[in-house]
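For reference, the structure discussed in these notes is given below.
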Amino acid sequence: MALPIGEQSAELLKAQDLIWNHLYRFISSMSLRYATELGIPDIIHRHGKPMTLQQLVDALPINKGKAHGVYRLMRILIHSGFFIEEQICKDDAIMGYWLTPASRLLIKDEAFSMYEIVQACYDPIALKPWDHVKEWFENDDSSAFETTFGMSYFDYASRDSKENETFNELMVKDTQMLSSVLIRDCKKVFNRMKSMVDVGGGVGILAKAIADAFPDLQCTVFDLPHVVAGLQGTENLTYVQGNMFESIPKADAVMLKWILHDWNDEDCVRILKKCKEVIPSKESGGKVIIIDMVVGHKKDDHRGIETQLFYDLSMMVFLNGKERTEKEFEKLFFDAGYSGYKIVYELGLRSLIEVYP
């Protein structure tokens, strides 16, 4: 078969480039893994200023003959935006590696560190279900995780204390940064509220931050028994065990942070109906506060949409959940009997939505 010529040849080669890029895209992710496992962000941070290649190699616990590997690893991480090259001194042309906002989030002891999240993504429990996606497409299981382990992820976590602990720790890490942003930038959401229940609130990081910032607001963390058992509250923070599909404590507002994306549409409607039962009317301030991704809401953010789509496939593989577009959320809200909604804030890849009874 003859090869196309002219513009068709260019298109053929461009198509080949796209395939190569996707076939080897995992290398970008693995490079990030190796950088964190080697402790490169921490080493540069402790150094306090840009490090030359030789300084970095000397500080790493590696075979010093592998300096060329460090150079090549750093080159792709610079290209990906995790590090930059800067002059070590103003009067010196020697360049060194320095941190970016992204690599600062990989320093182990930083307040909002994502180090544990990166490591958890490469745990066998996180990777194995991806090997069974084709099998899942062919069977009746709810998720590829169920195909792999014979049970849903939440059932697995309830039986495996280590996995339950890991999941809670990851939610804590994610919530620490988010709660800081909420308290600083989204205060009006909590104005005039007297009570709030954080459904699926885990160990209570978000609710505690809100309770501390608004001492007159009574906050309740509501989650499964194995999640909140033994946790101690404060004057305006309490922990309640239960199942959101059965009943939810009454409050002026219900918080659903990254909950709905765990479930299919039918279960989301069930959850939203349970929420509607326990909040007052819109005129009395009743609302459901949802923090979740709205896929494609920022239409010009190509990388952000791509990340949202990555998350969507992860929800499919692990939980029979999904990330939703605004239209898909709207259908859920109206199917559950709500009168309206408003996307109040953009929180990076996620949005804060108020839904009114």
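Partners of K49 within straight-line reach, counting lysines whose Cα lies under 28 Å from its Cα and excluding those fewer than 8 residues away in the same chain: K64, K66, K90, K108, K173.
Summing +1 for each Lys or Arg and -1 for each Asp or Glu among the other residues whose beta-carbon sits under 11 angstrom from that of V269 gives +1. Gap in Å between the Cα centre of the range 17-79 and the Cα centre of the range 156-215? After rounding, the separation between the Cα centres reads 33 Å. Applying 1/(1 + (r/R0)^6) with r as the Cβ-Cβ distance of E85 and E277 and R0 = 45 angstrom yields a FRET efficiency of 0.20.
Here the chain is assigned +1 on the Cβ of each Lys and Arg and -1 on the Cβ of each Asp and Glu. Its dipole about the Cα centre then comes out at about 820 debye. If R0 is taken as 51 Å, the Cβ-Cβ distance between A93 and W130 corresponds to a FRET efficiency of 0.65.
Considering the chain at the alpha-carbon level, its Rg and Dmax are found to be 23.5, 78 Å.
Computed about the Cα centre, the dipole magnitude for the range 162-261 is approximately 360 debye when only Lys and Arg (+1) and Asp and Glu (-1) carry charge, each at its Cβ.
Residues within the reach of a label modelled at S284 (point 7 angstrom out along Cα to beta-carbon, backbone nitrogen below 17 Å), restricted to the range 202-227, are 218.
Working out 0.36 nm times the residue gap between T234 and N191, then minus their Cα-Cα distance, what length gain in nm do you get to one decimal? Stretched fully, the T234-N191 segment lengthens by 13.4 nm.
Past 30 Å, Cα to Cα, is the threshold; run K208/K273; K194/K298; K287/K327 against it and keep the listed order.
Values: K208/K273 26 Å; K194/K298 33 Å; K287/K327 19 Å.
Pairs exceeding the cut-off: K194/K298.
Its residue count N fixes a reference of 2.2 N^0.38 Å for the range 26-167, and the Cα radius of gyration divided by that reference is 1.34. Counted over the range 237-357, the DSSP beta bridges are approximately 70% antiparallel.
Coordinate range of the alpha-carbon atoms in the range 1-70 per principal axis, descending: 57, 23, 19 Å.
Rounded to the nearest whole Hz, the Karplus-based 3J(HN,Hα) values (6.51 cos²θ - 1.76 cosθ + 1.60, θ = phi - 60°) of the range 204-212 follow the sequence x, 4, 5, 4, 5, 5, 5, 4, 5, with x at glycine and proline.
Site pair E11 and E169 shows an inter-label distance of 5.1 nm when each label is modelled 7 Å from Cα along Cα→Cβ.
So, counting K/R as plus one and D/E as minus one, what does the shell of residues with Cβ under 12 Å around T52 add up to?
-3
Stretching the chain fully between L60 and L23 yields a gain of 10.3 nm (0.36 nm per residue, less the alpha carbon separation). Sorting the segments 101-114, 256-269 by their residues' average number of neighbouring beta-carbon atoms within 10 angstrom, most packed first, yields 256-269, 101-114.
Highest average first, the peptides 343-351, 181-189 ordered by how many other beta carbon atoms sit within 10 Å of their residues are 343-351, 181-189.
Cβ-to-Cβ counts within 10 Å put E85, E169 in ascending order as E85, E169, the fewest first.
Toward the positive end of the charge dipole of the chain, with +1 on the Cβ of Lys and Arg and -1 on the Cβ of Asp and Glu, the farthest Cα among Y341, P101, M255 is that of P101. Below 15 angstrom from the Cβ of L313, what's the summed charge of the other residues (Lys, Arg +1; Asp, Glu -1)? The answer is -1. Apply the a/c threshold of 1.5 to the C-alpha gyration tensor of the range 91-179 and tell me whether it is rounded, prolate or oblate. Prolate, because a/c is 1.5 or more and a/b exceeds b/c. Highest-first packing order for the peptide set 242-250, 52-60, 33-41 is 33-41, 52-60, 242-250, based on the mean count of other beta carbon atoms within 10 Å. The sum of -39500 (n - 2.57) across all DSSP H runs of n ≥ 4, divided by the residue count of the chain, sets its helix-only mean residue ellipticity at 222 nm to -14000 deg cm²/dmol. 3J(HN,Hα) along the range 342-357, derived from phi through the Karplus expression 6.51 cos²θ - 1.76 cosθ + 1.60 where θ = phi - 60°, amounts to 8, 7, 8, 9, 9, 10, x, 6, 9, 10, 9, 10, 9, 10, 10, x Hz, with x in place of Gly and Pro.
Computed from the alpha carbon positions, the gyration tensor of the range 103-247 leads to an equivalent ellipsoid with semi-axes of 31, 20, 14 Å, biggest first.
Each reported figure results from applying straightforward, stated rules to the coordinates on display, with no laboratory input. Being a predicted model, the structure only gives us computed values, none of them experimental. Neighbour counts run over all protein chains shown; Cβ positions are idealised from the backbone, glycine included.
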